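The values are calculated or read from the model by the stated rules, or taken from the named source; none is laboratory data. The structure presented is a predicted model; accordingly, all values stated were derived computationally and were not measured. Note that we place each Cβ from the backbone using ideal geometry, even for glycine, and neighbour counts take in every protein chain shown.
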Amino acid sequence: MVGLARDRLGPDVEVVERVIDPLDLLDRWSGARFAVVVDAMRSGAPVGTVRRLEGDEVERAVVEPATSTHGLSLRDAVALGRALGKLPERLVVILVEAGEVALGEALTPTVHAAVDRAVVAVAGEVERGSTGQAVEEGRVGA
């Protein structure tokens, strides 16, 4: 996804791959005007479903990550960022329903198609934003 995002978004947009510890997001978000986070989810929706969340719905609706080895989820990072005043002015989360996830496994064709749709969604968000935004990608909390 990162290569597709970089190709589509161009050099004026910072694309960060694989933020593993959600706490790392807080430093990246601090002082930012706009950020897009792309993550895998397991919500029970059909595999390949792409969801867009913004504002308060991020904390209310973010489901648990597809995989996790850390105690904090994306939802936790957003809540902590809000409490510490480290959220960007505008935060958009794009989630892709991953289904079953195993380390080292390739994306299924359904999920690969969803990733393509997620890249288009991120590009649309950036086009509506301004230059210099950060686009975060990876399994946050994975």
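Could you check the range 32-49 and list, in sequence order, the residues that are touching a residue at least 24 places away in the same chain (Cβ under 8 Å) and over 11 Å from the mean Cα position of the chain (by Cα)? Ala32, Arg33, Phe34, Arg42, Ser43, Ala45, Pro46, Val47, Gly48, Thr49 - these are the residues of the range 32-49 that are touching a residue at least 24 places away in the same chain (Cβ under 8 Å) and over 11 Å from the mean Cα position of the chain (by Cα). All of Ala79, Ala83, Ala106, Ala123 fail the test of being modelled with pLDDT of 90 or more, out of contact with any strand residue (DSSP E or B) (no Cβ under 9 Å at 6 or more places or on another chain) and of a type in the set (A, V, I, L, M), apart from Ala83. Exactly one residue out of Ala40, Ala35 is in contact with a Phe, Trp or Tyr (Cβ under 8 Å, 6 or more places away or on another chain), buried (at least 18 other Cβ atoms within 10 Å of the Cβ) and either farther than 16 Å from Ser73 by Cβ or of a type outside the set (Phe, Trp, Tyr) (or both): that is Ala35. Restricting attention to the range 70-96, the residues that are surrounded by fewer than 17 Cβ atoms within 10 Å (Cβ to Cβ) and part of a loop (DSSP other than H, G, I, E, B) add up to 4. Of all the numbered requirements in (1) modelled with pLDDT under 85; (2) crowded, with 17+ Cβ neighbours inside 10 Å; (3) out of contact with any Ser or Thr (no Cβ under 7 Å at 6 or more places or on another chain), Arg128 misses one, and that requirement is (2).
Number of residues in the range 45-57 that are at pLDDT 85 or above and either part of a loop (DSSP other than H, G, I, E, B) or buried (at least 17 other Cβ atoms within 10 Å of the Cβ) (or both): the value is 8. Is it true that Ala35 is closer than 20 Å to Arg128 by Cβ, at pLDDT below 80 and of a type outside the set (Lys, Arg)? No: the conditions fail for Ala35.
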